[in-house]
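Here is the structure we will look at.
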Amino acid sequence: MDLTLNLCTSIATCSAANSSDISILVVTGSDRVNVVSAMKRVEILAHEGRHKHEWTHFLSIPLNTDSIRKQFEKFKQAVLSKCTQAQGVESSIFQNPNKLHLTIGVLKLCSDQEEERACSLLNESCKTLIKSALQNQPATVQVEGIEYMNDDPSAVDVLYAKVSLTDGSSRLQRLVDQLVKKFNDAGLIQEDDTSLTQRQYGDVKLHVTLMNTKLRKGLQSVEVDSRRKYPGQRRESFDATQLLQEFRQFRFGETQLKSIHLSERLRTSPDGYYASRCQALL
């Protein structure tokens, strides 16, 4: 679509007065109607481009303490030992124990400015929200019990452990729901991305991914229309029927939650967890 030709306008970019790192889009034309139409089309193109973009960051709470990682390794070895005949179950689809985490929400941050906005929101605006939701009390969770994302246990792509506060309250659920709303209101989490947080009944599903077929060794992916496609081979689900019978009540342990991270999806920190753009203490 050639906006300058169709709408008799010209489009140019220039640097903001207070920062050479920020570009401003300028649309000019002799007719106000054409200028407004061109801007609307630009906004549509920008929205479509962001929709196709893969998510870059996510709000996470690390759950990779020594005791939980130790229990996770026991779980992994037990599954690989007992479920040898289960179709699709093999070592590579297990999560890296150093990256065990609770996902709150995913973000598509396409510039340094958007990253700074997200950090500012997490570090400043959300402090009061965090204190209020947790009622100034420690958040100690238990990681226990196993479930799967879809409705067919014989064809599972994501297996996860359930997370809940040891005091039985809904303080953590309230916190993550309010955080997602806060970031959504700021335009940093889009409505069409909320499925990635596995929302259920309007709430963010509290879960720790244990096994994911996207991790399967040898599975190469490319991005097409913002959905993962696997050329040459399909994503292979696994049969979790026996696994669920044997380990549905598996206990991974307890830990006190310390902080919320704005994690970078494709970078790893020296300690093995996802690289953190910024953090907020709980």
Answer with yes or no whether Q200 is polar (S, T, N, Q), modelled with pLDDT under 55 and open to solvent by 70 Å² or more (accessible area, probe 1.4 Å). yes
Which of the residues that make up region 232-282 are open to solvent by less than 40 Å² (accessible area, probe 1.4 Å) and free of Cβ contacts under 8 Å to residues at least 24 places away in the same chain? S269, A275
Which count do you get for residues in region 114-159 that are of a type in the set (A, V, I, L, M), within 25 Å of E236 (Cα to Cα) and modelled with pLDDT of 95 or more? 5
So, restricting to strands (runs of 3 or more DSSP E) that lie completely within region 238-282, which ones have at least 1 residues that are of a type in the set (G, A, S) and under 17 Å from the mean Cα position of the chain (by Cα)? 259-268, 274-281
Look through S81, S111 and report the one residue that is of a type in the set (S, T, Y) and modelled with pLDDT under 95. S111
Could you check, for region 209-217, whether at least one of its residues is out of contact with any Pro (no Cβ under 6 Å at 6 or more places or on another chain) and at pLDDT below 90? yes
So R69 passes all but one of these: (1) closer than 19 Å to Y273 by Cα; (2) at pLDDT below 95. Which condition number does it fail? (2)
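The values are calculated or read from the model by the stated rules, or taken from the named source; none is laboratory data. The structure displayed is predicted, hence computed values, not measured ones. Reconstructed Cβ throughout: ideal geometry from the backbone, glycine too, with neighbour counts over all protein chains shown. Calculation scope for accessible area: heavy atoms of the full protein, side chains included, ligands and nucleic acids excluded. Shrake-Rupley method; radii C 1.70, N 1.55, O 1.52, S 1.80 Å.
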